[in-house]
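Trainee: Just passing along the structure, written as structure tokens.
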Amino acid sequence: MEEKLQYWKNLSLGNLCLSFLNGAIGNFLKETKNELAIEMGFYLNNKLIPLSKKNILKLTPEPTSKICVLLHGLVCNEELWNFPTEPNVTYNENYGTLLQKDYGYTPLFVRYNTGLHVSENGRTFSELMHNLESVYPKCIEEIVIIGHSMGGMVAKSGFHYAELTNCFWQKKVSNVFYLGSPHMGSYVEKTANITSSILSGIKNPITKIISDIINIRSDGIKDMRFGNLIDEDWMGYDSNAFMENNRNYVTLLKNAKHYMFIGTVSNDPEHIANKVFGDFTVRMNSASQGYHKSLKDHVKIFPGIKHLALSHNPEVYNEIKKILNRRTK
Amino acid sequence: MSKLQGIKDLVQTSIDQGAKSVEEIHKAISNMPLNVLEKIDILESSVKMTKTIQETSIGSIYDMIRKINQEVGKIADAVLKHVDKEEEKENY
């Protein structure tokens with residue numbers, strides 16, 4: 001518990017609040033053109049770095065031809081990738097920096113407004129990668145993507161829009177790691193939808209208002225109900241309708257290998273709580289995309305590692321390493 | 001400074017929306033006994049009138065809150081612009 005508290009203390013409170021606000025009502029902030037709305041991109045000292053050859057060198061002084069792009073999850077930012085460290089230690093290691101040290105991948109951390117629709121972020125992510133490719137000081141030969149929770153969904157959506165717009169960057173993606181991504185939705189969002197629907201059904205002004213307050217939650221959160229990825233999944237539908245699943249099937253990027261990492265609440269892999277609660281946010285079935293036949297060998301369960309911890313855990317990194325080692329042999 | 005402007009805008013909008021929601025609850029709750037009385041034929045017309053008076057007076061309270069919120073917002077805008085200009089001068 002103390003370790004957890006220390007972890008949260010090490011994070012910058014202002015950034016955390018801003019990310020939380022964007023996750024909760026990010027679509028509203030964007031619609032009202034509020035300055036607090038986060039723009040997708042690469043950040044340095046909390047400032048968005050416009051993409052140019054010179055700026056890339058500011059972000060990463062020694063760029064290599066292999067890059068690793070990390071996308072954080074809902075209501076998070078890139079600080080959440082950092083491993084927990086000792087008190088008063090400001091520098092943290094994370095999957096990106098370790099991949100740089102061990103394999104020479106140049107890590108790039110994307111920050112984005114998690115309150116927007118996944119499809120909006122997916123499209124912007126595709127554009128961002130396309131622009132990155134054109135200004136990157138070296139010819140990009142390989143891209144590894146690590147997406148935590150919603151980050152994995154944004155990456156998947158990004159691949160879809162990159163294929164649609166005939167981009168080239170996605171053809172260089174070799175491995176994609178989805179850490180606790182709700183491919184088939186999250187039961188937490190489903191619970192919110194059911195609660196608000198029941199409350200709005202009761203003919204009482206108080207319950208109606210409570211239901212309205214619950215429904216204020218962002219488009220990004222609502223997309224997590226069934227794992228929406230593209231515009232067609234939500235456009236033209238009532239986002240507050242009771243358990244209405246309009247998700248379309250989106251094929252995975254063919255040239256890349258996809259790995260689904262699943263966390264669980266209990267250390268015992270066979271414990272019934274794991275089947276009910278998954279990693280406390282996403283159920284195992286959803287995080288594994290329903291244990292799809294083609295992905296059977298690409299699913300890895302981490303007993304006792306909960307949802308958020310999947311983004312900064314040495315065991316998870318060791319598994320990433322094992323996979324990359326297997327490939328290089 | 002732009003973040004401060006963002007926070008100010010957000011607080012202002014939240015107060016505005018919040019006042020609207022509370023107004024709706026306020027009206028709905030205070031109308032509850034009147035809705036029951038309205039069903040008695042003899043009282044119907046006088047209850048309707050009472051309802052209108054009540055809703056207008058409740059509405060005027062919340063209109064006042066919204067108006068104050070707008071004015072405070074304008075003052076905050078002016079202060080933020082002034083601070084912005086001062087900062088620009090210092091940087092120059």
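Trainee: Against the condition away from chain A (no Cβ under 14 Å), surrounded by 11 or more Cβ atoms within 10 Å (Cβ to Cβ) and of a type outside the set (V, I, T), how does B:S60 come out, does it pass? Give the derivation first.
Mentor: Numbers: away from chain A (no Cβ under 14 Å): yes; surrounded by 11 or more Cβ atoms within 10 Å (Cβ to Cβ): no; of a type outside the set (V, I, T): yes.
Against the criterion (away from chain A (no Cβ under 14 Å), surrounded by 11 or more Cβ atoms within 10 Å (Cβ to Cβ) and of a type outside the set (V, I, T)), B:S60 does not qualify.
Trainee: Right, next: Just to be sure before I move on: is A:M260 surrounded by fewer than 12 Cβ atoms within 10 Å (Cβ to Cβ) and in contact with a helix residue (DSSP H, G or I) (Cβ under 8 Å, 6 or more places away or on another chain) in the structure I sent?
Mentor: no
Trainee: Another one. Please name all residue pairs, on different chains or six or more residues apart, with Cβ atoms under 7 Å, provided the first residue is in the range A:288-302 and is at pLDDT below 85 and the second residue is β-branched (V, I, T) and surrounded by 13 or more Cβ atoms within 10 Å (Cβ to Cβ).
Mentor: Partner pairs satisfying both residue conditions: A:Y291/A:V299.
Trainee: Just the residues that are farther than 13 Å from A:L21 by Cβ and at the interface with chain A (Cβ under 7 Å from one of its Cβ atoms), please, taken from the range B:3-23.
Mentor: Looking only at the range B:3-23, we keep the residues that are farther than 13 Å from A:L21 by Cβ, and these are B:4-5, B:8, B:12, B:15-23.
Matches in the range B:3-23: B:Q5, B:S21.
Trainee: Consider the range A:156-213. How many of its residues are small (G, A, S), within 19 Å of A:R225 (Cβ to Cβ), away from every other protein chain (no Cβ under 14 Å) and part of a helix (DSSP H, G or I)?
Mentor: Pass one, the range A:156-213, residues small (G, A, S): A:157-158, A:162, A:174, A:180-181, A:185-186, A:192, A:196-197, A:200-201, A:211.
This time we only want the ones that are within 19 Å of A:R225 (Cβ to Cβ), so: A:157, A:180-181, A:185-186, A:192, A:196-197, A:200-201, A:211.
So of that shortlist, the ones also away from every other protein chain (no Cβ under 14 Å) come out as A:157, A:180-181, A:185-186, A:192, A:196-197, A:201.
This time we only want the ones that are part of a helix (DSSP H, G or I), so: A:157, A:192, A:196-197, A:201.
Number satisfying all stated conditions: 5.
Trainee: Can you give me the number of residues within the range A:294-313 that are part of a helix (DSSP H, G or I), of a type outside the set (S, T, N, Q) and over 14 Å from A:V282 (Cβ atoms)? Spell out the reasoning first.
Mentor: Looking only at the range A:294-313, we keep the residues that are part of a helix (DSSP H, G or I), and these are A:294-298, A:308-311.
When the remaining residues are screened for being of a type outside the set (S, T, N, Q), the result is A:295-298, A:308-310.
Narrowing the set further to residues that are over 14 Å from A:V282 (Cβ atoms) leaves A:295-298.
So the answer is 4.
Trainee: Now a separate question. Which one is farthest from the other protein chains (Cβ to nearest Cβ) among residues in the range B:38-49 that are in a helix (DSSP H, G or I) and surrounded by fewer than 15 Cβ atoms within 10 Å (Cβ to Cβ)?
Mentor: If we filter the range B:38-49 for residues that are in a helix (DSSP H, G or I), which is where we start, we get B:38, B:41-49.
From what is left, the residues that are surrounded by fewer than 15 Cβ atoms within 10 Å (Cβ to Cβ) are B:41-46, B:48-49.
On the way: B:D41: 24, B:I42: 27, B:L43: 23, B:E44: 22, B:S45: 25, B:S46: 24, B:K48: 20, B:M49: 22 Å.
Restricting to residues being in a helix (DSSP H, G or I) and surrounded by fewer than 15 Cβ atoms within 10 Å (Cβ to Cβ), the top hit is B:I42.
Trainee: In the range A:23-51, how many residues are within 14 Å of chain B (Cβ to nearest Cβ) and in a helix (DSSP H, G or I)?
Mentor: 8
Trainee: Restricting attention to the range A:263-272, report how many residues are part of a loop (DSSP other than H, G, I, E, B) and either in contact with a helix residue (DSSP H, G or I) (Cβ under 9 Å, 6 or more places away or on another chain) or modelled with pLDDT of 95 or more (or both).
Mentor: From the range A:263-272, those part of a loop (DSSP other than H, G, I, E, B) are A:264-271; that's our starting set.
Checking which are either in contact with a helix residue (DSSP H, G or I) (Cβ under 9 Å, 6 or more places away or on another chain) or modelled with pLDDT of 95 or more (or both) leaves us with A:264-266, A:268.
Final tally of qualifying residues: 4.
The values are calculated or read from the model by the stated rules, or taken from the named source; none is laboratory data. As the structure is a computational prediction, the values presented were derived from the model and not from experiment. Positions of Cβ are generated from backbone atoms using ideal geometry, with glycine treated the same way; all protein chains shown enter the neighbour counts.
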